[in-house]
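Please treat every number below as a calculation from the coordinates, not as lab data. Just so we're clear, the structure is a prediction, and the values are computed from it rather than from any experiment. Ideal geometry is used to build each Cβ from the backbone, glycine not excepted, and the neighbour counts take in all protein chains shown.
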Amino acid sequence: MAGKVKWVTDIEKSVLINNFEKRGWVQVTENEDWNFYWMSVQTIRNVFSVETGYRLSDDQIVNHFPNHYELTRKDLMVKNIKRYRKELEKEGSPLAEKDESGKYLYLDFVPVTYMLPADYNLFVEEFRKSPSSTWIMKPCGKAQGKGIFLINKLSQIKKWSRDSKTSSFMTQSTKEAYVISLYINNPLLIGGRKFDLRLYVLVSTYRPLRCYMYKLGFCRFCTVKYTPSTSELDNMFVHLTNVAIQKHGEDYNHIHGGKWTVNNLRLYLESTRGKEVTGKLFDEIHWIIVQSLKAVAPVMNNDKHCFECYGYDIIIDDKLKPWLIEVPVPCDLAPGHPTASLRSCPAPTLRPQAGVGGDEGGRMRTDDQVNASPSLTSSTANDRILKYNLINDTLNIAVPNGEIPDCKWNKSPPREVLGNYEILYDEELAQGDGADRELRSRPGQSLGPKGSRLRDAGRTVLTTWK
């Protein structure tokens with residue numbers, strides 16, 4: 001198609017604008033004809049609201065699905081995964097197989113979770129089965145660690161309920177909902193500190209599902225050494241990895257931001273646990289992501305004008321079992337939402353001695369870190385390059401060849417344009433290879449995240465776990 005792509009954004013960030021200008025695209029206002037709109041979640045609500053009645057043309061695309069919150073809201077994500085499990089059970093799918101205690105063998109990747117206040121009685125019943133357990137409460141609609149706290153007594157829930165009814169925020173929004181999840185109190189530690197993974201996943205379509213994994217995610221570390229002691233339940237520098245929390249800690253390092261590349265983590269685990277175990281762990285993480293997307297696909301408004309880049313938060317426990325914690329607010333590149341792409345960072349040398357991840361004093365070494373700040377507004381030149389690359393690779397897939405979009409085009413982009421993305425799951429390819437049919441017809445097979453990727457004549461063959 002002839003002509004230049006006309007772009008508009010309501011997020012004035014240099015990593016976006018520089019990528020648009022590099023392609024020779026033309027900036028316009030939202031009131032003019034546009035082809036590409038990188039918009040905030042607030043704007044996407046207006047674009048697709050019934051009241052506005054706005055209709056997008058075949059040459060217009062946007063960076064959010066209309067009801068992305070089915071995945072990005074904590075309560076809705078859990079609700080959709082629970083529904084997905086039940087549907088697989090009804091179908092008699094081997095994926096929904098359970099052990100003797102009633103736990104899912106392959107779909108047990110989200111901590112036990114309830115909605116409050118709606119599921120209060122169910123929560124109390126579960127709590128009394130293991131009264132020494134710790135639970136974490138999170139407001140459904142907030143991010144960056146806001147409003148999160150840990151509890152280990154029912155009296156704390158009752159106090160929260162009483163206090164919230166009289167608090168100022170409840171008078172403003174009486175429908176404030178929380179999720180309460182069983183706290184992973186045995187996290188894998190490096191240098192004595194808790195960490196989580198932030199991984200980026202691009203979805204180009206939900207039906208059929210096609211998604212891409214960004215290879216260069218990162219780990220976020222707490223600044224204070226972990227302890228399961230109940231006396232430290234209120235110390236968020238021990239328990240929450242959010243940069244928005246950790247940056248206020250005394251030991252926070254503003255140079256490296258307490259981050260490791262995922263490649264560093266992989267090297268560390270390969271050197272301490274072995275390559276086979278590490279490979280299985282990352283296969284399980286990929287399994288979790290694909291299953292979560294399959295869980296929301298039936299309810300997602302699969303508008304052909306949309307794509308979306310999600311940030312997945314994963315915690316690994318000390319048995320090397322990965323847990324999906326949440327998929328926070330989409331990749332808006334808003335201040336406080338890190339979007340670190342690591343292609344421009346050379347892989348640092350791993351130091352296995354003295355406990356990888358810290359020196360003898362327990363401090364994180366700067367040469368093992370990703371230099372990425374949590375905000376796009378205050379960044380070094382290197383930091384801007386890191387974030388620029390994620391957007392660059394995303395645009396190469398969302399807008400093939402930098403040409404004016406054509407929403408009738410539904411082909412997979414060629415491998416050479418993927419950059420640091422790799423295809424994670426393509427439903428059309430999987431069905432064409434008979435993978436899904438084979439999975440359903442072979443209940444005796446080893447399923448779940450125990451599959452792997454195979455190389456066949458230079459191409460990726462999707463195995464049955466997907």
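Observations on the model:
- Shape of the range 72-148, Cα gyration tensor, a/c cut at 1.5: oblate
- For the range 26-90, the relative contact order comes to 28 percent (Cα pairs under 8 Å, sequence separation of at least 6).
- Of the chymotrypsin sites (Phe, Trp or Tyr not before Pro) in the range 19-67, those whose Cβ has at most 10 other Cβ within 10 Å and which sit in DSSP loop: Y54
- Packing-based ranking of 415-423, 153-161 yields 415-423, 153-161, ordered from highest to lowest mean Cβ neighbour count within 10 Å.
- Once the Cα-Cα distance is subtracted from the 0.36 nm per residue extended length, the N235 to D99 segment shows a gain of 45.4 nm.
- You can think of it this way: the chain between K82 and K275 has 66.2 nm of extra reach, that is 0.36 nm per residue less the Cα-Cα gap.
- Rounded if a/c under 1.5, otherwise prolate or oblate - the range 18-63, Cα gyration tensor axes: prolate
- Extension gain, V112 to E422, is 108.5 nm, computed as 0.36 nm per intervening residue step minus the present C-alpha separation.
- Across the range 4-51, Cα pairs under 8 Å and at least six residues apart give a relative contact order of 51 percent.
- Separation between Cα centres of the range 102-128 and the range 186-234, rounded to whole Å: 21
- FRET efficiency, K225 to Q156 (Cβ-Cβ, R0 35 Å, nearest 0.05): 0.90
- Förster radius 51 Å - calculated FRET efficiency between D10 and S132, Cβ distance, rounded to 0.05: 0.60
- Here the calculated FRET efficiency for V50 and K321, from their Cβ-Cβ distance with R0 = 51 Å, stands at 0.75, rounded to the nearest 0.05.
- 5 angstrom amide H check on F149, placed H, neighbours 5+ away: M137
- Peptides 73-79, 130-136 ranked from most to least packed by the mean count of surrounding Cβ atoms within 10 Å: 73-79, 130-136.
- Karplus (6.51, -1.76, 1.60) ³J(HN,Hα), θ = phi - 60°, over the range 74-91, in Hz, Gly and Pro reported as x: 4, 5, 6, 4, 5, 4, 5, 5, 4, 5, 4, 4, 5, 5, 5, 4, 4, 6
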